[in-house]
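A.B. asks: What follows is a single structure, and I will ask about it in a moment.
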Amino acid sequence: MDELLKQLERANSTDKKVEIETLLSKAYTSICDLRKQTLAKTLTLESIEEVEFFFQNNELNIETLNFENRYFLKYAKCLSFFWESYTYYGKGQRSKGKFDLFKSLKENDLVLNIHHSESDCANVLRKMENYWMASNQIYTKYKIDLINKEYVR
């Protein structure tokens, strides 16, 4: 994902944007699949680990990324939040630490063969939706900023 963002900023190509959108779509549908498997009680360790690996492989480290355009940096941060949406602090539960969807699926749903984490999957999906929509809005602002730089008022 880091390399895709760097290529997107350099080339400003729609192909790279489509690749990023495809990755986001795949991530979203993979969580939907886990939710469906949880409800059907057909969850497997392999499916959880495959999705977990996919998310961890695409996580962004914002500190290492350096973009010239401030809107592109905001876009990258938003994508970073998207990839980290499977972990979050519960309401008023900061002292318990971050909730981890994959850990919950492995420890509760898989072992007990129940659909314990179904609502947590829904929470993660909502977070992903919000970050995905926000990233597209910020990317649009980035494109407008590029146009405005070309046509100085």
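The values are calculated or read from the model by the stated rules, or taken from the named source; none is laboratory data. Remember, it's a predicted structure, so these values are computed and weren't measured experimentally. Note: ideal-geometry Cβ built from the backbone for every residue, glycine included; neighbour counts use all protein chains shown. Accessible surface is based on the protein model in full, side chains and every heavy atom, while ligands, DNA and RNA are left aside. Shrake-Rupley method; radii C 1.70, N 1.55, O 1.52, S 1.80 Å.
A.B. asks: For residues that are more than 11 Å from the chain's Cα centre (by Cα), free of Cβ contacts under 8 Å to residues at least 12 places away in the same chain and within 18 Å of Y131 (Cβ to Cβ), tally how many sit in region 22-56.
C.D. replies: Of the residues in region 22-56, 2 are more than 11 Å from the chain's Cα centre (by Cα), free of Cβ contacts under 8 Å to residues at least 12 places away in the same chain and within 18 Å of Y131 (Cβ to Cβ).
A.B. asks: Exactly one condition in (1) open to solvent by less than 70 Å² (accessible area, probe 1.4 Å); (2) farther than 19 Å from K6 by Cβ; (3) touching a residue at least 60 places away in the same chain (Cβ under 8 Å) is not met by Y139; state its number.
C.D. replies: Here Y139 clears every test but (2).
A.B. asks: Checking the structure you have, find out if any residue of region 25-43 is of a type in the set (K, R) and buried (at least 19 other Cβ atoms within 10 Å of the Cβ). Even if it seems obvious, please write down each step before you answer.
C.D. replies: The first filter runs over region 25-43 and keeps only residues of a type in the set (K, R), leaving 26, 35-36, 41.
Retained after the next criterion (residues that are buried (at least 19 other Cβ atoms within 10 Å of the Cβ)): 35.
Yes.
A.B. asks: Follow-up. Kindly indicate the residue of region 108-135 that is modelled with pLDDT under 90 and among the acidic types (D, E) and also surrounded by the fewest Cβ atoms within 10 Å (Cβ to Cβ) among those meeting that condition.
C.D. replies: E118
A.B. asks: Restricting to region 4-24, name every residue that is exposed (fewer than 13 other Cβ atoms within 10 Å of the Cβ) and within 21 Å of L146 (Cα to Cα).
C.D. replies: Going through region 4-24, the residues exposed (fewer than 13 other Cβ atoms within 10 Å of the Cβ) turn out to be 10-11, 13-15, 18, 22.
Scanning region 4-24 gives R10, A11, S13, T14, D15, V18.
A.B. asks: For region 98-135, enumerate the residues that are farther than 16 Å from L45 by Cβ, without any contact (Cβ under 8 Å) to a residue 24 or more places away in the chain and polar (S, T, N, Q).
C.D. replies: S119, N130
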